[in-house]
Amino acid sequence: MPVIPRSFLMLLAVSVCCSVYSQTTWQSTYGGYGLDEGHGVRETSDHGFIVVGSTGSFGAGSSDVYVLKLDSAGNREWSVAIGGPTVDQGWSIRQLDDGGYIVAGFTLGGTGGSYDGLMIRLDGSGEVLWQKTHGGAGWDFFYDVEVLSDGFALAGTTEVNGDAQGWLVRTDLDGNIVWERNFGDGGTDEARCVRLTTDGGLVVAGTWTYTDGTSDAAIIKYGDDGDQEWSATLGGDSIEVGYSVVETSDGGYAVGGYTTSFSSNRAMLLAKVDMNGDFLWINQVAGGQGEWEGRSIRENYDGGLVLAGYTSSYGAGGYDFYMAQTDLNGSWISGPNFGGSGNELCWGMDLVSDGGYVLVGTTDGLGPGITAVYVVKNAGDVITDPFNIEFDPLVVREAVGYAPLTLSPNPVRPNGFLELGTAEFLRNGWNAELLDLNGGLVGVGQGRPGHRVLSVPGLSSGAYILRLTNPDGQMTSSKFIVQPE
């Protein structure tokens, strides 16, 4: 059972939430045969759900923005893959008053020469109304979007003079920049979440890093004109990362993320400041011998907090979704796991109008392909619903008529060689992408016609994905393991 080794306020009593709608529970995966991920989810006005992520199974590039509309029971109503011939990913989505949607993410297909922040406006059927990219010559990413009365606010990271800084962008309704703000001290700083506040301003959560390699979770409050009102850094003597922020009913702000200040393993981080940014408390959710990360925080129905993320300490195997419910001070009350024997990583969460919760993330063991979008609708406790695996009928880009990609030896040593066992697929040459299980690019390669050997770079031990593309645009992929040196 998770334990909390320190807390700064007394435990407060909680009340029971009354549901407005009849609760349903289910768990489903979505995607094709490739590498598909879910990053963000929101309930829609019809009590269904809108999901955003990335897909390597469909679309025009190595990864495309992937948007799925689900009904209240998790049935797919429609899905779209949006992007060009390179890398496009979606990380946050919101429904608009007209029934359409706004997506935030990043792309290699912008005008800045590297990654650019990406905005996509969709109608209610998933048709693209417009796309905008923002950023300079360096790497620029959007991770979150908030809807304002006259535009949008986006949080991410931008490269400034070779360093990453937190990035807040305010746009009009057409995606044109009204103003932008940076924060950081020349380390690897980022903004991961932005929320509209009750006074009409904006609050941002992210991470502030230091030259000694440590970092603090950060909360920065801005006025509606973009002027910074205050900032707060929350952490101990090691690493704290802030992923999400929520304004609480008492006017304060709670941040969720992870910390290594309590032990060498990562623990879920919860911290709280008051309306002026003054520190109130910091806490953790941890236990067992594994790792914990908190990714999405909300104020719970009873006034406490709920922090969704994942853990390798408890569950069916590997990493599992974990949803920690706490009191007002961040002290653990309960928390169910969701997942199978593989790895299930939760990236997003929303409270649902029936009194339940919806979580989204990625699974490498429950879907039709290498990884799949994984969505769980629950009532706040463990569910027994069977896993529903849905193969998306979007046009699939994987190679058809070729044998599956086989790799040997597997596992392989760092700086070793993989023999590729699909000769017909490789006969006209190929390009290779090596990806970690979060979809991050860790290496590339190229083969001449008929060449069937790939040199593996000096990767750290663990699981990776090899994706091959031939000159016909067909793709095949397989998982491989790198052994410790």
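Since every read-out is calculated from the coordinates, none of them should be taken as a lab result. No experiment lies behind these values; they were computed from the predicted model shown. Here the Cβ is made from the backbone with ideal geometry for all residues, glycine too, and neighbour counts use every protein chain on show.
Worth pointing out:
- If the segment from Ile481 to Val453 were pulled out straight at 0.36 nm per residue, it would be longer than the present Cα-Cα gap by 8.5 nm.
- Its residues counted as N, the stretch 47-116 yields a C-alpha radius of gyration over 2.2 N^0.38 Å of 1.17.
- Between Val160 and Leu96, the contour length at 0.36 nm per residue exceeds the alpha carbon distance by 19.8 nm.
- What the Cα convex hull of the stretch 285-376 gives, in volume per residue, is 83 Å³.
- For the stretch 139-154, putting each phi into the Karplus relation 6.51 cos²θ - 1.76 cosθ + 1.60 with θ = phi - 60° gives couplings of 8, 9, 9, 9, 10, 8, 9, 10, 8, 10, 5, 10, x, 9, 10, 10 Hz, in residue order, rounded to whole numbers and with x for Gly and Pro.
- Extended-chain gain in nm, criterion 0.36 nm per residue less alpha-carbon gap, Leu351 and Gln23: 116.9 nm
- R0 of 30 Å, Cβ-Cβ distance Leu173-Thr198: FRET efficiency to nearest 0.05: 0.85
- Stokes-Einstein diffusion for the chain, with the hydrodynamic radius set to the Kirkwood value over Cα pairs and evaluated at 4 °C in a medium of 1.567 mPa s, equals 57 µm²/s.
- Site pair Ser341 and Ser261 shows an inter-label distance of 4.0 nm when each label is modelled 7 Å from Cα along Cα→Cβ.
- Where only alpha carbons of the stretch 107-159 are counted, the Rg and the Dmax (Å): 11.9, 35
- The P(r) of the stretch 407-482 has a tail past 17 Å containing 36 percent of all C-alpha pairs.
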